[in-house]
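Asks: I am attaching a structure below and will ask some questions about it afterwards.
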Amino acid sequence: MSTVSMEAALLLAGILFMLGLISVLIRRNIIFMLVSVEIMLNAAGLAFIVAGTRWVQPDGQIMFIFILTMAAAEVSVGLALILQIYHQLKTLDSDAANIMKG
Amino acid sequence: MELTFYIAATVAILSTVMVITRYNMIHVLLYLVVSFLAVAVVFFSLGAPFMAALEIIIYAGAIVVLIIFVIMMINLSQEDVQREKEWLQPAVWVGPALLSAVLLAELAYIITAANPTQTEALVAVDAKVVGLALFGPYILGVQLSGILLMAGIVGAYHLGRQKKKVIHRFLQERSAAA
């Protein structure tokens, strides 16, 4: 078991997740929102690592690898969507994209 | 090791706060890289060195570079020399540089001062155990993430393609007449 207290590490994961959530809520630029989602995914992965360290098992790190894979796929599709929105609407404002019409 | 964790956690929280309060996108990405590096140091202090390396390579390397490419593609028309000059002011890079210097000092401390005989309190789950579990009981998950990555590639290609509108010439004449 590590010398770092698990409560502090889980608290760090929670704070990072909350910061990402706040950023998703207050920002209107789509790229900023994508970055905030990355922060939240990273915080979730940190929580898995903390749990894996607490019980000295590799499962937490494996979950982190899966989260990493999903984040990579998500950011590639998300950036393609952002490019498409920018070409269609000529803006990055997410409120401008609330019309569901091609 | 415990102090290392707390300093890295402070750096992570500070840089994430800077991420969500800046307006310039490049500043945001600079602080985002610092935040990922700090979380990598946290992983290292928690006894997951392989995950720290993956965090730096994939998050701070690949994903941030991908976002920078998209920003460059979008902002290409408005770019000018004056703005380039503004970006190189010391006020831009001094914050991320200071926070990164804290992380570098921590790394130097871990490598030099940490006594190998003292680390039995910290049982590291090393990469070999992770690899054995990944390709043993979790092999289905590996295959599923392979399918996910394939879907990501195809989806990104399909969405990012510039669709050229092809109109049949009869319809073209009709739309020109109308």
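Asks: Go through (1) under 23 Å from residue B:151 (Cα atoms); (2) surrounded by 19 or more Cβ atoms within 10 Å (Cβ to Cβ) one by one and return the number of the condition residue A:43 breaks.
Replies: (1)
Asks: Let me ask another. Scan region A:30-44 for residues that are over 12 Å from residue B:16 (Cα atoms) and more than 8 Å from chain B (Cβ to nearest Cβ) and jot them down. Steps first, please.
Replies: Taking region A:30-44 first, the residues over 12 Å from residue B:16 (Cα atoms) are A:30-34, A:37, A:41, A:44.
Of everything in region A:30-44, those that are over 12 Å from residue B:16 (Cα atoms) and more than 8 Å from chain B (Cβ to nearest Cβ) turn out to be A:30, A:33, A:37, A:41, A:44.
Asks: Which number in (1) modelled with pLDDT under 90; (2) over 16 Å from residue B:39 (Cα atoms) marks the one condition that residue A:6 misses?
Replies: (2)
Asks: What pairs can you find where one residue is in region A:67-80 and at the interface with another protein chain (Cβ under 7 Å from one of its Cβ atoms) and surrounded by fewer than 22 Cβ atoms within 10 Å (Cβ to Cβ), the other is among the polar types (S, T, N, Q) and in a helix (DSSP H, G or I), and their Cβ atoms are less than 7 Å apart, with a gap of 6+ or different chains?
Replies: Final answer for the pair search is A:69/B:145.
Asks: For region A:6-27, which residues satisfy the criterion of being open to solvent by less than 40 Å² (accessible area, probe 1.4 Å) and at the interface with chain B (Cβ under 8 Å from one of its Cβ atoms)?
Replies: A:8, A:9, A:12, A:16, A:19, A:20, A:23, A:27
Here is a yes/no grid of residues against (1) open to solvent by 10 Å² or more (accessible area, probe 1.4 Å); (2) at pLDDT 75 or above:
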position	(1), (2)
B:31	yes, yes
B:43	no, yes
B:58	yes, yes
B:62	yes, yes
B:84	yes, no
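Asks: Hey, which of the helices (runs of 4 or more DSSP H) in region B:104-178, taking only ones fully inside, have at least 2 residues that are modelled with pLDDT under 70, on the phi < 0 side of the Ramachandran plot and not hydrophobic (A, V, I, L, M, F, W, C)?
Replies: Values: elements: B:127-134, B:139-160, B:169-177.
Per the criteria, B:169-177.
Asks: List the number of the failed condition for residue A:55; all other conditions in (1) within 22 Å of residue A:6 (Cβ to Cβ); (2) touching a helix residue (DSSP H, G or I) at 6+ places or on another chain (Cβ under 6 Å) hold.
Replies: (2)
Asks: Condition (residue is out of contact with any Gly (no Cβ under 7 Å at 6 or more places or on another chain), at the interface with chain B (Cβ under 7 Å from one of its Cβ atoms) and closer than 27 Å to residue B:135 by Cβ) applied to region A:84-98: is it met by at least one residue?
Replies: Scanning region A:84-98 turns up no residue that is out of contact with any Gly (no Cβ under 7 Å at 6 or more places or on another chain), at the interface with chain B (Cβ under 7 Å from one of its Cβ atoms) and closer than 27 Å to residue B:135 by Cβ.
Asks: Residues that are part of a helix (DSSP H, G or I), more than 8 Å from chain A (Cβ to nearest Cβ), of a type in the set (S, T, N, Q) and in contact with a helix residue (DSSP H, G or I) (Cβ under 9 Å, 6 or more places away or on another chain): does region B:42-63 have at least one?
Replies: No, because not a single residue in region B:42-63 is part of a helix (DSSP H, G or I), more than 8 Å from chain A (Cβ to nearest Cβ), of a type in the set (S, T, N, Q) and in contact with a helix residue (DSSP H, G or I) (Cβ under 9 Å, 6 or more places away or on another chain).
Asks: Determine whether residue B:53 is under 19 Å from residue A:60 (Cα atoms), surrounded by fewer than 20 Cβ atoms within 10 Å (Cβ to Cβ) and not β-branched (Val, Ile, Thr).
Replies: Working: under 19 Å from residue A:60 (Cα atoms): yes; surrounded by fewer than 20 Cβ atoms within 10 Å (Cβ to Cβ): yes; not β-branched (Val, Ile, Thr): yes.
In short, yes.
Asks: While we're on this one: So which residues in region A:85-102 are within 24 Å of residue B:157 (Cβ to Cβ) and either in contact (Cβ under 8 Å) with a residue 60 or more places away in the chain or surrounded by 16 or more Cβ atoms within 10 Å (Cβ to Cβ) (or both)?
Replies: Once the filter is applied, which keeps residues that are within 24 Å of residue B:157 (Cβ to Cβ) and either in contact (Cβ under 8 Å) with a residue 60 or more places away in the chain or surrounded by 16 or more Cβ atoms within 10 Å (Cβ to Cβ) (or both), region A:85-102 yields A:85, A:86, A:92, A:94, A:97.
Asks: Being at the interface with chain B (Cβ under 8 Å from one of its Cβ atoms), among the aliphatic types (A, V, I, L, M) and surrounded by fewer than 20 Cβ atoms within 10 Å (Cβ to Cβ) is the filter here, so list the residues in region A:46-66 that pass it.
Replies: The one that is at the interface with chain B (Cβ under 8 Å from one of its Cβ atoms), among the aliphatic types (A, V, I, L, M) and surrounded by fewer than 20 Cβ atoms within 10 Å (Cβ to Cβ): A:56.
Asks: Take the residues in region B:3-23 that are of a type outside the set (Ser, Thr, Tyr) and free of Cβ contacts under 8 Å to residues at least 24 places away in the same chain, then tell me which one is most open to solvent (accessible area, probe 1.4 Å). It would help to see each step written out before you state the result.
Replies: Of the residues in region B:3-23, the ones of a type outside the set (Ser, Thr, Tyr) are B:3, B:5, B:7-9, B:11-14, B:17-20, B:22.
Within this subset, residues satisfying the condition of being free of Cβ contacts under 8 Å to residues at least 24 places away in the same chain are B:3, B:13, B:17, B:19-20, B:22.
Working: B:3: 122, B:13: 47, B:17: 57, B:19: 5, B:20: 17, B:22: 87 Å².
Applying the filter and picking the extreme gives B:3.
The values are calculated or read from the model by the stated rules, or taken from the named source; none is laboratory data. None of these values were measured; they are calculated from a predicted model. As a convention, Cβ positions derive from the backbone with ideal geometry for all residues, glycine included, and neighbour counts pool all protein chains shown. All accessible areas refer to the heavy atoms of the entire protein, side chains included, with ligands and DNA or RNA removed. Shrake-Rupley method; radii C 1.70, N 1.55, O 1.52, S 1.80 Å.
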